[in-house]
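Before any comments, here is the structure.
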Amino acid sequence: MTTQFKHVVDVVGSEAALKLVKVYSGTTLRIPAPKNIKTHPISLVIGEKLTLAIINKIGHSFHLYIPKQKTLDKVARDQSIVNDYLNGKNCQVIAIKYQMSDRNVWRILKKTKVDLTNS
């Protein structure tokens with residue numbers, strides 16, 4: 001997930017961000033200038049007020065990539081794996097829970113820079 005989209009989630013909330021994902025999954029949209037907000041595709045999905053909040057946070061005339069739902073699901077899964085590990089579950093238990101190899105669990109933990117010295 002891009003840093004820009006993380007800012008969008010912070011500004012408009014996860015419910016509105018998921019609406020954007022549902023409609024524009026995998027596409028890039030230009031963030032509108034405030035004067036063009038009424039008919040812009042983002043405004044038509046989440047409303048003018050929230051679109052203006054995005055403009056105020058990110059700026060206008062930038063391009064915003066809307067990730068696919070699959071990408072968001074993977075980010076959430078990876079975070080759950082990290083949380084399980086930090087809460088004391090070992091990699092084999094986590095691998096079984098998420099139906100993946102323990103090598104993939106280690107790869108996810110390494111990618112997220114979790115302290116692996118306690119394993």
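Some points to look at:
- Charged-residue dipole, Cβ positions (Lys, Arg, Asp, Glu), the stretch 71-111 about Cα centre, Debye nearest 20: 140 debye
- Three-way shape label, the stretch 3-67, alpha-carbon gyration tensor, a/c 1.5: rounded
- Value at 222 nm in deg cm²/dmol, rounded to 500, when DSSP H runs of n ≥ 4 in the chain each add -39,500 (n - 2.57): -18500 deg cm²/dmol
- Proxy reagent accessibility, fewest Cβ within 10 Å first, across THR28, THR112: THR28, THR112
- Model label zone, TYR98; criterion: amide N under 16 Å from point 7 Å along Cα-to-beta-carbon; scope the stretch 1-24: 1
- Listed by chain and number, the lysines whose alpha-carbon sits under 25 Å from that of LYS89, ignoring those within fewer than 8 places in the same chain, are LYS74, LYS97, LYS110, LYS111, LYS113.
- The distance between label points at ASN36 and LYS22 comes to 2.7 nm (points 7 Å beyond Cα on the Cα→Cβ vector).
- Among the lysines of the stretch 3-67, pairs that are 8 or more positions apart or on different chains and have alpha carbons within less than 17 Å of each other number 8.
Since every read-out is calculated from the coordinates, none of them should be taken as a lab result. Just so you know, these numbers come straight off a predicted model, no measurement behind them. A quick note on method: Cβ atoms are made from the backbone with ideal geometry, for glycine too, and the neighbour counts reach across all protein chains shown.
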